[in-house]
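Visitor: Here it is, the structure in full.
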Amino acid sequence: MEKIPHLGETLTRWRVGGSTFVALPEKGARLMYWNLTTGDGSVRDVIVWPELKTLDAFAKVRGGNPILFPFCARTFDKGELGYWRDAKGVRRPMPIHGFARQGEFRTLRIDSGGFEAVLVPGGEAKACYPFDYEFRVEYRFAELGLTCKLTLENLGSEPLPWSAGHHFYFALPWSEGAGRGDYFIRIPAGRRLRQDASGRLVAGPALSALERMDNPALIDTIHADLRDPEVVFGEKGFPGDVAVRLGSDESPPPGSAFVTWTQADDSPFYCVEPWMGPPNAPEHGMGLHLVAPGKRETFTVSVSVR
């Protein structure tokens, strides 16, 4: 573990076996990138971070793993974007993907295997989610993977709603000369959904369990009713698949979902996003969890290269 000055910030770098991880825990508890030195000495990007001249717009950078809390993607209240309604009927603002990715964190622990940081709620967080709680992000790094735990502890006297997630920017393609169409993804989902302009969940595209990753129908698709907690993608006929897993049980958490997205045909990344539930969970209730007063709940995701 070492500190690296970069564009006015101090990053932390971990080397675990052939893997190198870089993060800025104080800014959104953000993992920035992960690369892997392979057996032949070449370096493969697993999670990408673009080359930048400034970190002024750090929260909006398309790279790393933004933490989505307390809710994923777009929330609506009666068809109006950017709001949600709590259990008492109070309407509150909520930015897209919540406020943790642009929030300040305080590092609780940092060592040779990872870090743990706690959100320090600012003005935006207090306006959107004015409850008494503690939200922590913990990363543990391994030779060929990582585990990230999101923990919400309710310090108040009323149930606390949340439906958090991750926005991993995976490198794709990762082999020289390969294109997106050379890669396949296996998502064991019973339903494919989309979110319409009013926030409702509607039927998504008809997809097979195994799909080529240049299929445009994958973009902005919510994969729900999961039959297995693990999604795997990679280059057909070659080792080095990426596996993204929800929890450690044989069955996925109730209501959980994966979302697939990329920005453009030539984007050097593809996002495979494990979420506690589909977007707009406070309104439709799918994947919405309630943490009882005095209790805590953890959402765990692991990523590995095989």
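Visitor: Quick one: what does P(r) look like for region 3-126 with 5 Å bins over all Cα pairs, in whole %?
Guide: Percent of pairs per bin, in order: 2, 10, 17, 19, 17, 13, 9, 6, 4, 2, 1, 0.
Visitor: Okay, moving on. Are there trypsin sites (Lys or Arg not before Pro) in region 58-152 that DSSP puts in a loop and that have at most 13 other Cβ atoms within 10 Å, and which ones? List each step's numbers first, then the result.
Guide: Working: sites: Lys60, Arg62, Arg74, Lys78, Arg85, Lys88, Arg91, Arg101, Arg106, Arg109, Lys126, Arg136, Arg140, Lys149; in loops: Arg62, Arg74, Lys78, Lys88, Arg101.
Passing both the DSSP loop test and the Cβ count: Lys78, Lys88.
Visitor: When only C-alpha pairs under 8 Å and at least 6 residues apart count, what is the relative contact order of region 2-305, in percent?
Guide: 18
Visitor: Convert each backbone phi in region 288-299 into a coupling constant with the Karplus relation 6.51 cos²θ - 1.76 cosθ + 1.60 (shift: θ = phi - 60°), then list the ³J(HN,Hα) values in order as whole Hz, x for Gly and Pro.
Guide: Values per residue, Gly and Pro as x: 7, 10, 10, 9, 5, x, x, 10, 9, 9, 10, 10 Hz.
Visitor: Just want the ordering: Met213, Met276, from fewest to most Cβ atoms lying within 10 Å of their own Cβ.
Guide: The order, fewest Cβ neighbours first, is Met213, Met276.
Visitor: Hey, another quick one. Please state the shape class of region 229-293: rounded when a/c is under 1.5, otherwise prolate if a/b exceeds b/c and oblate if not, all from the C-alpha gyration tensor.
Guide: It comes out oblate by the Cα gyration axes.
Visitor: Tell me the mean residue ellipticity at 222 nm calculated for the chain from its helices only (DSSP H runs of n ≥ 4, each -39500 (n - 2.57), averaged over every residue, nearest 500).
Guide: -500 deg cm²/dmol
Visitor: A further question follows. With the chain treated as a Gaussian network of Cα nodes joined by springs under 10 Å, which of Ala224, Ala264, Ala73 yields the largest mean-square fluctuation?
Guide: Ala264
Visitor: Below 13 angstrom from the Cβ of Ser208, what's the summed charge of the other residues (Lys, Arg +1; Asp, Glu -1)?
Guide: Details: positive: Arg186, Arg192, Arg212; negative: Glu211.
Around Ser208, the charge tally is +2.
Visitor: Turning to a different aspect of this structure: Which residue fluctuates the most in the chain, going by a Gaussian network model with Cα springs under 10 Å, if the choices are Asp220, Asp56, Asp241?
Guide: Maximum fluctuation in the GNM of the chain, among the listed residues, is at Asp56.
Visitor: Can I ask one more? Rounded to the nearest Å, what's the spacing between the alpha carbon centres of region 128-185 and region 236-278? Just the number, please.
Guide: About 10 Å separates the Cα centre of region 128-185 from the one of region 236-278.
Visitor: Return the inverse of the average 1/r over all pairs of distinct C-alpha atoms in region 153-306, which is the Kirkwood hydrodynamic radius, in Å to one decimal.
Guide: This gives a value of 16.4 Å.
Visitor: Spin-label point model (7 Å from Cα, Cβ direction): what's the Lys3 to Arg306 distance in nm?
Guide: With each label point 7 Å from Cα toward Cβ, the separation is 4.0 nm.
Visitor: Looking at the chain as a GNM with Cα springs under 10 Å, which of Val48, Val259, Val120 has the largest mean-square fluctuation?
Guide: Checking each option, the largest mean-square fluctuation is seen for Val120.
Visitor: Using the Cα gyration tensor of the chain, with a ≥ b ≥ c the square roots of its eigenvalues, what is the shape: rounded (a/c below 1.5), prolate (a/b larger than b/c) or oblate (neither)?
Guide: oblate
Visitor: With +1 on each Lys and Arg Cβ and -1 on each Asp and Glu Cβ, and nothing else charged, work out how big the dipole of the chain is about its Cα centre, in Debye to the nearest 20.
Guide: On the way: 35 positive and 38 negative charges, 102 e Å.
Here the size comes out at about 480 debye.
Visitor: Please work out the FRET efficiency for the pair Glu51 and Thr298, using the Cβ-Cβ distance as r and a Förster radius of 41 Å; give the result to the nearest 0.05.
Guide: After rounding to 0.05, the efficiency reads 0.75.
Visitor: So which lysines pass the test for Lys126, namely a Cα distance under 26 Å, with those fewer than 8 places away in the same chain ruled out?
Guide: Partners within reach: Lys27, Lys60, Lys78, Lys88, Lys149, Lys295.
Since every read-out is calculated from the coordinates, none of them should be taken as a lab result. Just so it is clear, the structure is predicted and the values come from calculations on it, not from any experiment. We place every Cβ from the backbone using ideal geometry, glycine too, and count neighbours over all the protein chains shown.
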